[in-house]
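Heads up, the thing below is written out as structure tokens.
The values are calculated or read from the model by the stated rules, or taken from the named source; none is laboratory data. Just so we're clear, the structure is a prediction, and the values are computed from it rather than from any experiment. Cβ placement follows ideal geometry from the backbone for every residue including glycine, while neighbour counts extend to all protein chains displayed. We work out accessible area using only protein heavy atoms, side chains counted, and drop any ligands, DNA or RNA first. Shrake-Rupley method; radii C 1.70, N 1.55, O 1.52, S 1.80 Å.
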Amino acid sequence: MKLVKQDILNALKTITAPGEGENMVDSGAVTNVVTFADEVIVDITIKNPSLQARKRTEVDILQTIHKEVYEKAKIKVNVKVDAQATQPKNEIKGKAIPGIQNIVAVASGKGGVGKSTVTANLAVTLAKMGFKVGVLDADIYGPSIPIMFDVANERPLSVTVDGKSKMKPVENYGIKVLSIGFFTKPDQAVIWRGPMASKALNQMIFDAAWGELDFLLLDLPPGTGDIHLSIMQALPITGAVVVSTPQNVALADAKKGVAMFQQDSINVPVLGIVENMAYFTPAELPENKYYIFGKEGAKHLAEDLNVPFLGEVPLIQSIREAGDLGRPAALQTATPIEEAFEAITRNVVQEVVNRNEELPATEAIKITTMAGCSAVKKN
């Protein structure tokens, strides 16, 4: 079938670009349409910089042309973002930290899904790949990062930077770490209200001597609440990683976690979803997989929400043991655990690269290459 340009334009007049009041054609968003036989190329420029808006625009165009014009049409959509477009007045923006290139928030809709474990192992894997990494434990009410990095008994030192007194993060395994756990006793409950917790977080963010970092990972508390908003108001988050187990109860909350970042007033790109405790493989039966919490639930959720699936982490006893001992399991060499976290970390880095190439930059400096992403040589 030979496609006609006017038919394509008429079809596109039935849909709008994200955030636009008029249809795609009358609003001027569609900048060019080229047809040749059963092929069509659509160039469109949108004002919404979120990755989700880009994907929604592309999907809407594909579905509309297939439905209204020709169901077997071969379509290519080129979506560009107008970086000069006025941002919504209520969009949350943060203040950049000099020297930190990318800030990645690791979140979950509910507790107990292994968010801190994933954060710790992402951090050490990034460090093994040659990146400079820091971890901020923003889980005010349940800080576990100090235990996972075997620094629970350490305390940040005070250093002078440009005439100002700053906290020097505690270091282990090449990772710079700050946590509220460094300032409380092990048996002391943190019963602060939101404003006090937010103030403490701001001090750890802006009154710390982080130095030069390629990645600062934020281990957020479970849920979608005041701490999350405070963090996103304080910092220009490059993107968010959502952690979930495959079971329906966890997926329902993970979906809310993704929705929080995608709200127009927040507008933080979701880099993808990690499925933790994906399956159990007994040591004596290495070829067997037992899907204790369900099969590929987080993977299917990622597909439904049109966000990347970053990978799965098996349910292995040594991951828990390594976390309790303060030596993240990804530090092990030539193991399925190391391979799983390397695959996930590569996907995270690639999504950050894609995000920085495709969307207007935050205050942070972009990663423009995959240099340094190969793992250290195994002994």
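For the reader, a short list of remarks on this structure follows.
- Residues of the stretch 270-282 include at least one that is free of Cβ contacts under 8 Å to residues at least 24 places away in the same chain and either buried (at least 19 other Cβ atoms within 10 Å of the Cβ) or not in a strand (DSSP E or B) (or both).
- In the stretch 27-39, residue surrounded by the most Cβ atoms within 10 Å (Cβ to Cβ) [restricted to those that are under 18 Å from Val69 (Cβ atoms) and not aliphatic (A, V, I, L, M)]: Thr35
- Condition check for His228 on (1) over 27 Å from Glu303 (Cα atoms); (2) open to solvent by less than 10 Å² (accessible area, probe 1.4 Å); (3) assigned to a helix (DSSP H, G or I); (4) of a type outside the set (Ser, Thr, Tyr): one failure, at (1).
- Search result, residues across the stretch 283-320 that are hydroxyl-bearing (Ser, Thr, Tyr) and assigned to a loop (DSSP other than H, G, I, E, B): Tyr291
- The stretch 116-131: number of residues that are outside any helix (DSSP H, G or I) and either buried (at least 24 other Cβ atoms within 10 Å of the Cβ) or β-branched (Val, Ile, Thr) (or both): 0
- Matching option when the condition is over 26 Å from Ile100 (Cβ atoms), at pLDDT below 85, among the hydroxyl-bearing types (Ser, Thr, Tyr) and out of contact with any Cys (no Cβ under 6 Å at 6 or more places or on another chain), among Thr281, Thr245: Thr281
- Test set (1) buried (at least 24 other Cβ atoms within 10 Å of the Cβ); (2) assigned to a loop (DSSP other than H, G, I, E, B) - Pro143 fails condition number: (1)
- Among the residues making up the stretch 145-174, those that are hydrophobic (A, V, I, L, M, F, W, C) and touching a Pro at 6+ places or on another chain (Cβ under 9 Å) are Met148, Phe149, Ala152, Met167, Val170.
- Taking the stretch 1-16 as the range and being touching a residue at least 40 places away in the same chain (Cβ under 8 Å) and out of contact with any helix residue (DSSP H, G or I) (no Cβ under 6 Å at 6 or more places or on another chain) as the test, the residues that pass are Met1, Leu3, Asp7, Ile8, Asn10, Leu12, Thr14.
- Here Leu9 fulfils each of the conditions (1) more than 30 Å from Phe261 (Cα to Cα); (2) modelled with pLDDT under 90 apart from (2).
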